[in-house]
């Protein structure tokens with residue numbers, strides 16, 4: 001008797017779960033990007049992207065992938081520090097600061113320095129400053145790699161493998177492209 005009640009409960013549960021999936025998951029309308037994300041930096045991204053000849057939708061998709069619109073986002077890139085910066089003859093604080101990714105576009109301190117950023121890294125938390133330096137880097141990547149997929153990959157993992165035509169981070173690239181497609185449709 002107890003086993004039959006459990007079976008009946010499980011059957012009802014599975015049935016209700018399948019109905020839930022049918023109603024709310026499989027029949028979902030396409031995601032409205034404006035409803036999912038606030039897009040509060042859209043005007044800044046459009047303006048700066050245009051200055052660098054970049055597709056603003058790609059820039060915004062990378063921004064969403066990197067920080068979800070969190071202008072104070074910061075991440076320590078431990079492997080990068082160990083592999084590259086620990087060997088450089090720089091003051092320890094400069095090495096550490098170069099090992100972090102900053103702001104909306106999560107631009108790395110080392111990358112910012114390589115393309116000419118000379119201010120204190122704290123300025124990279126300013127949305128327009130962050131977007132500007134990230135766009136400058138994206139433009140450099142496009143000039144060198146010519147391929148959107150390779151540029152997206154290089155933005156996330158560095159240029160060495162994408163320069164050889166290798167995309168070592170396909171999940172990252174496809175996620176950015178999906179966000180871009182949603183922006184294009186929205």
Check: How big, on average over all directions, is the shadow cast by the Cα convex hull of the range 142-186, in nm²?
Finding: 3.0 nm²
Next item on the list: At 7 Å along the Cα-to-beta-carbon direction for both residue 147 and residue 89, put a label point, then send me their distance in nm to one decimal.
Entry: 3.9 nm
Item checked: Mean Cβ count within 10 Å, highest first, over the residues of peptides 80-90, 172-182, 149-159 -> 149-159, 172-182, 80-90
Notebook entry, point to check: Relative to the present Cα-Cα distance, how much length would full extension add between residue 72 and residue 166 at 0.36 nm per residue of separation?
Noted result: 30.7 nm
Check: What FRET efficiency do you get for residue 47 and residue 126 if R0 is 22 Å and r is their Cβ-Cβ distance, rounded to the nearest 0.05?
Finding: 0.90
Checklist line | At 0.692 mPa s and 37 °C, Stokes diffusion of the range 32-185 via Kirkwood alpha-carbon radius, µm² per second | finding: 209 µm²/s
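Coordinate-derived values only; no laboratory data. A quick note: this is a predicted structure, and the numbers were derived from the prediction, not measured. Cβ coordinates were reconstructed from backbone atoms using ideal geometry, including for glycine residues, and neighbour counts include every protein chain displayed.
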